[in-house]
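Have a look at the structure below, then the notes.
Read the figures in this text as sums done on the coordinates, not as results from a lab. Since we're looking at a predicted model, the values are computed, not measured. Here Cβ is always computed from backbone atoms with ideal geometry, including for glycine, and neighbour counts include all displayed protein chains.
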Amino acid sequence: MYDVRNIVEDIIWVGTNDKRLTLFENMFPIPEGVSYNSYIINDEKTALLDTVDNATRNTFLENINKILNGKALDYLIINHMEPDHCGIIPDIMALYPNIELVSSQKGFELLKAFYPWAKDTKKVVIKEGSTLSLGKHNLTFCTMPMVHWPEVTAVYESKTKILFSADAFGSFGTLNGNIFDDEVDFERRFLENARRYYANIVGKYGPQVGRVFEKLAGLDIKCIAPLHGPIWKENLGYILEKYKLWSSYTPEKKGITIVYASMYGNTENLAQHLSTKLAEKGIKDIEMFDISNTDSSYIVNSIWKNSHIIFAAPTYNADLYPNMRSLLTKLEYVGFQNKSRPFRKLFLE
Ligand SMILES: [Fe+2]
Ligand SMILES: [Fe+2]
């Protein structure tokens, strides 16, 4: 059964929701699922902006069929070649053999790697500032290298002032009918999901996200349509502000993340005692994690949010407890930095 919604007249969300996938990228638990957002611009020329993961193929093809209603698809715009967005490219090419693919040079290199047989398809290679007119709607392309893959582009539509932002501003969590930020309780349902998505997947590329902000500064943006999670059309300043904090490794709040490893409960006992003492000093917002039974993506999320971290672990084989070493490696891997700040001054004075 199809499942579509208008963003504005002639620009339609045709994405899908994956409630069955347990590990995103076979790594990150997603108990609330994930949406793969895709969009159709239905103008004199028609364009599909990205596809979805193979797992949700049937609904996606029904969505496209419903909106196009027999009309041809002129362009497939590929902003991101990761398989959660490029999974249905082969089907689209088979259904619309005259379609033109639109992507960056890097995007086409990846297309060739994933789908070598697609080499003879009609292609439009775009670069920074390239434009494409569909009739009433005009698209301008903005490259976003390493946010979070090398080929990534965003698209700005000037009539409606919608920015199609690829993975940037995305979130874990399915869209249950409500697809806009003003239709959901974002803080309750999506904030932790959005930060966990950002920190673990895009986190390493803070400087690159910063450069995107510089590029977007001159655009009049009324709506941000990412590839995952809610579409921003009401409170854009909220998510932009969060991204400014996250991409500059600036904590979102005054709070403490305590991460402990404990073989027989003694280090856990120490961590618990410490948390109580901190609470007695009036410190609020203490989050505590047992490293051995918490997926590291949740710990990375908490560390990204809070101003301070405490690590506690026993030794093992005359070295650091392996799970703690693994977390520290992960933090290095996601480029975590800028966490040095005076504890006493912030909390106790
Ligand atoms: Fe991605
Ligand atoms: Fe994605």
### Message
Report, in listed order, any pair from Lys45/Lys242; Lys45/Lys161; Lys122/Lys242 with a Cα-Cα distance greater than 29 Å.
### Response
Lys45/Lys242; Lys122/Lys242
#### Entry: Reciprocal mean inverse distance between Cα atoms of segment 242-308 - Kirkwood radius, Å
12.7 Å
### Task
Tell me what the chain gives for mean residue ellipticity at 222 nm when only DSSP H runs of n ≥ 4 count, each as -39,500 (n - 2.57), the sum divided by the residue total, rounded to 500 deg cm²/dmol.
-8500 deg cm²/dmol
### Message
Placing +1 on the Cβ of each Lys and Arg and -1 on the Cβ of each Asp and Glu in segment 88-174, which of Tyr156, Ile92, Ser171 has its Cα farthest towards the positive end of the resulting dipole?
### Response
Tyr156
#### Entry: Residues whose placed amide H lies under 5 Å from that of Lys123, excluding near-sequence neighbours
Leu101
### Task
Describe numerically, in nm with one decimal, the distance between label points set 7 Å from Cα along Cα→Cβ at Lys159 and at Asn178.
3.0 nm
### Task
May I ask you to compute the full-extension gain from Asn269 to Leu23, defined as 0.36 nm times their residue separation minus their alpha-carbon distance, rounded to one decimal in nm?
85.4 nm
### Query
So, in nm, how far is label Met146 from label Glu280 when the simple model puts each one 7 Å beyond its Cα toward the Cβ?
4.7 nm
### Query
If you wrap a convex hull around the C-alpha atoms of segment 20-161 and split its volume per residue, what is the figure in Å³?
119 Å³
### Task
First select every other residue whose beta carbon is under 13 angstrom from the beta carbon of Val334; then total the charges, Lys and Arg +1, Asp and Glu -1.
+4
### Neighbourhood net charge (14 Å Cβ-Cβ; Lys/Arg +1, Asp/Glu -1) for Ala313
-2
### Message
Per 0.36 nm of contour for each residue apart, how much would the distance between Leu245 and Met1 grow if the chain were fully extended, relative to their Cα-Cα spacing?
### Response
83.8 nm
### Query
Given Val147, Thr22, Gln105, which one lies farthest toward the positive end of the charge dipole of the chain, if we put +1 on the Cβ of every Lys and Arg and -1 on the Cβ of every Asp and Glu?
Val147
### Query
What percent antiparallel are the DSSP beta bridges of the chain, to the nearest 5?
50 percent
### Task
Report the residues of segment 260-281 in range of a label on Lys339: point 7 Å along Cα→C-beta, backbone N strictly under 12 Å from it.
260
### Task
Starting from 0 in steps of 20 Å, tell me what percent of the Cα-Cα pairs of the chain lands in each bin.
29, 51, 18, 2
### Task
Please work out the FRET efficiency for the pair Glu187 and Lys119, using the Cβ-Cβ distance as r and a Förster radius of 45 Å; give the result to the nearest 0.05.
0.45
### Task
Compare Leu21, Leu327, Leu270 in a GNM of the chain, Cα atoms joined below 10 Å, and give the one with the largest fluctuation.
Leu270
### Task
Please report the relative contact order for the chain, taking Cα pairs under 8 Å with a sequence separation of at least 6, and give it as a percent rounded to a whole number.
13 percent
### Query
So what is the relative contact order of segment 49-151, in percent, for Cα pairs below 8 Å that sit 6 or more residues apart?
24 percent
### Query
Share of antiparallel DSSP beta bridges in segment 80-197, in percent to the nearest 5?
70 percent
### Query
Where is the GNM fluctuation largest for the chain (alpha-carbon springs, 10 angstrom cutoff): Phe28, Phe311, Phe180?
Phe311
### Task
Return the single residue from Tyr36, Tyr333, Tyr156 with maximal mean-square fluctuation; model: Gaussian network over the chain, springs between Cα atoms under 10 Å.
Tyr333
### Task
Report, in debye and to the nearest 20, how large the dipole of the chain comes out about its Cα centre when Lys and Arg carry +1 and Asp and Glu carry -1 on their Cβ.
840 debye
